[in-house]
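The values are calculated or read from the model by the stated rules, or taken from the named source; none is laboratory data. Bear in mind the structure is a predicted one, so any value in this text is a computation, not a measurement. Cβ: placed from backbone, ideal geometry, glycine included. Neighbour counts: every protein chain shown.
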Amino acid sequence: MTRNNTYAINIIFYNPEELELGELCKITFFRKVHEETVYENRELVERFMEDDDLFLSWLSSIATSRGYAVARALIKFDGTSSEALLTTIKPRYLIDCPYISRVLRIYVVEKLPTLEETMTQNSEVVNTQQGSSQETTGSPQLSLFKDLTNDELYVFYSPVKLLDTSKAEAIVIETERGAILAKLDAIPRLTETGTEGTAKRKTRKRKKRRKKHRKTRKKARASS
C-alpha cells in the first residue's frame, strides 16, 4: 500500500504476560496490544528489503521509543513480502520458537515414551495395518492444562522459569502453526548472541510467476 509516494510498513506490538503452569514452571507469553502503520519512502524501503540488520535496527528503535519489548513488522513491496521479528527480552531459559504464533492449548506430559516404547508402538501400528488389533502403548500421555482458544496470547522465544520439574517431563504448546514440544530437562538456554533480532522471511510470488512465463516463451520459440 502506498501513500504520496511512500510505502506502508505494518507494525504490531506485544506486551509480556506470565502464565503459571501450577508448580511446574512459569512461561511468559505475549499479548497484542497495539498496531500501527508507518510510511517510509521508496529508497529506505528498498534498503530494508536488502539489509536485515537495518530493518531490525529501525524496528528496534521504534519499539523502544514506544516502550514495547516485542514487535513484528511487515512490508509488501513490488510483489515481495518481508517480515522482521524483534524481542529485546533476554531470559535464561526459553521456548525455542523463532516465529510469533497464537497459543491455542497447553498440555502437560507426565512421562515421555522411551525409545524402546516408541519402537514397540511403531511395530504395533504396522501389525494393526496388517489386520492385527494390538493396542499401542508408546504415545505420550497428554493432560490438558490450559485452553487458550478464547484468548489471544502468542509465543515467541518465550521465557521460562522452571519450578518443580519432578511433576512432569515435558509440556506441549499447541499453536496455530503447529505444536511445540519442550522437554523440561532440556529447555534451551539463551546463547551469547541472544534473541534480539530474527532473520526476515521473504516471499517473491510475483517474480516466480514472471520466470515461469519467460521459460514458456523460450520453449515456444524453440519449437517454432
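Below are the figures for this structure:
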| quantity | calculated |
| --- | --- |
| In region 16-50, the residues that are over 25 Å from Cys97 (Cβ atoms) and of a type in the set (D, E, K, R) | Glu40, Arg42, Glu43, Glu46, Arg47, Glu50 |
| Complete set of residues in region 1-57 that are of a type outside the set (A, V, I, L, M), surrounded by 17 or more Cβ atoms within 10 Å (Cβ to Cβ) and within 18 Å of Ala71 (Cα to Cα) | Phe13, Tyr14, Thr28, Phe29, Phe30, Phe48, Phe55 |
| Qualifying residue in region 172-184 (condition: at pLDDT below 85, farther than 19 Å from Leu112 by Cα and either touching a Cys at 6+ places or on another chain (Cβ under 6 Å) or surrounded by fewer than 15 Cβ atoms within 10 Å (Cβ to Cβ) (or both)) | no |
| Pairs with Cβ under 7 Å, 6+ apart, first in region 66-81 and at positive phi, second in a loop (DSSP other than H, G, I, E, B) and surrounded by fewer than 20 Cβ atoms within 10 Å (Cβ to Cβ) | Gly79/Arg204 |
| Tally of residues being more than 30 Å from Ala186 (Cβ to Cβ) and not in a strand (DSSP E or B) across region 61-95 | 10 |
| Residue that is surrounded by the fewest Cβ atoms within 10 Å (Cβ to Cβ), among those in region 96-111 that are assigned to a strand (DSSP E or B) and either of a type in the set (Val, Ile, Thr) or free of Cβ contacts under 8 Å to residues at least 60 places away in the same chain (or both) | Val109 |
| Any hit, region 39-55, residues being under 30 Å from Lys146 (Cα atoms) and touching a residue at least 24 places away in the same chain (Cβ under 8 Å) | no |
| Subset of region 57-74 that is hydrophobic (A, V, I, L, M, F, W, C) and modelled with pLDDT of 95 or more - its residue that is nearest to Ser158 (Cα to Cα) | Val70 |
| Only one of Thr28, Thr88, Thr80 that is under 15 Å from Val155 (Cα atoms) and touching a helix residue (DSSP H, G or I) at 6+ places or on another chain (Cβ under 8 Å) | Thr88 |
